[in-house]
1. Would you mind listing the helices (runs of 4 or more DSSP H) fully within the range 61-157 where at least 2 residues are touching a strand residue (DSSP E or B) at 6+ places or on another chain (Cβ under 8 Å) and either on the phi > 0 side of the Ramachandran plot or modelled with pLDDT of 95 or more (or both)?
2. Across the range 15-42, which residue is surrounded by the most Cβ atoms within 10 Å (Cβ to Cβ) among those that are more than 17 Å from the chain's Cα centre (by Cα) and outside any loop (DSSP other than H, G, I, E, B)?
3. Confirm whether residue 45 is in contact with a helix residue (DSSP H, G or I) (Cβ under 9 Å, 6 or more places away or on another chain), within 21 Å of residue 253 (Cβ to Cβ), at pLDDT 95 or above and not in a loop (DSSP other than H, G, I, E, B).
4. State yes or no: is residue 242 touching a strand residue (DSSP E or B) at 6+ places or on another chain (Cβ under 8 Å), surrounded by 16 or more Cβ atoms within 10 Å (Cβ to Cβ) and within 21 Å of residue 173 (Cβ to Cβ)?
5. Which of the residues spanning the range 136-157 are surrounded by 14 or more Cβ atoms within 10 Å (Cβ to Cβ) and within 22 Å of residue 206 (Cα to Cα)?
6. Checking residue 155 against (1) over 23 Å from residue 255 (Cα atoms); (2) free of Cβ contacts under 8 Å to residues at least 60 places away in the same chain; (3) touching a helix residue (DSSP H, G or I) at 6+ places or on another chain (Cβ under 8 Å), only one condition comes out false. Which one?
7. Within the range 172-275, considering only helices (runs of 4 or more DSSP H) that don't extend past its boundaries, which have at least 1 residues that are under 29 Å from residue 73 (Cβ atoms) and in contact (Cβ under 8 Å) with a residue 12 or more places away in the chain?
């Protein structure tokens, strides 16, 4: 890996190890409007990302910039409130810096969540979608910026980016909590503009069910590190052309907040089912 990136990761890891000697093997990234889940954690320890050396800071409403370490039931996890995005002007290596840092701390299972626009007319605002595959329309790959040299690190298998066992676990949790959980393919693009009607038509023909401006690079970095990944999208709006409404970020965060209860119920049930060692 690039020596400068390694140095920054080592300094950030050293800082976090001074805060706690041990970090849990399971982490959750909360997307736009979904950050209130962190309030469910018992005995929380909150670390502002502004304190962590070299950690990129979010400039987007709905992304608090906090690590919260606490318990759901008897199990501890790291919950990250907010993420950084490529459209904020960050390089891909910075976008995935939090994932690389989690790997340094021993995280083995990662749950990524996001707000997404529906490309599938059957998926309505307020629905939750289990991500079963992804399409990278960022036209960039974070691994290309990390200075990787060994083939086993550079050429990462993406035949199953989202762990099949974790997906089955999530579907079981959805049945038990009576939360409807759609299933589909996530397409990620750079943003920050919402997609045009022609772009949405293209994405639908490509097989996309929901569109986002995040998540895809994080999943690639997590798979590079050998993490098991589970993804959940909160459908917050119809994509352009599927509805006459104009799109804005305020609507995205409002819809996410409106479905917070069922999202929290589902995510809590999933975390309770996860193995304590993250694998």
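1. The qualifying helices (runs of 4 or more DSSP H) are 97-104.
2. For the range 15-42, the residue satisfying everything is 16.
3. no
4. no
5. 136, 137, 138, 140, 141
6. Residue 155 satisfies all of (1) over 23 Å from residue 255 (Cα atoms); (2) free of Cβ contacts under 8 Å to residues at least 60 places away in the same chain; (3) touching a helix residue (DSSP H, G or I) at 6+ places or on another chain (Cβ under 8 Å) except (3).
7. Because the criterion is at least 1 residues that are under 29 Å from residue 73 (Cβ atoms) and in contact (Cβ under 8 Å) with a residue 12 or more places away in the chain, the helices (runs of 4 or more DSSP H) in the range 172-275 that meet it are 216-224, 249-258, 260-273.
The values are calculated or read from the model by the stated rules, or taken from the named source; none is laboratory data. Bear in mind the structure is a predicted one, so any value in this text is a computation, not a measurement. Please note: Cβ atoms are built from the backbone with ideal geometry, for glycine as well, and neighbour counts cover all protein chains shown.
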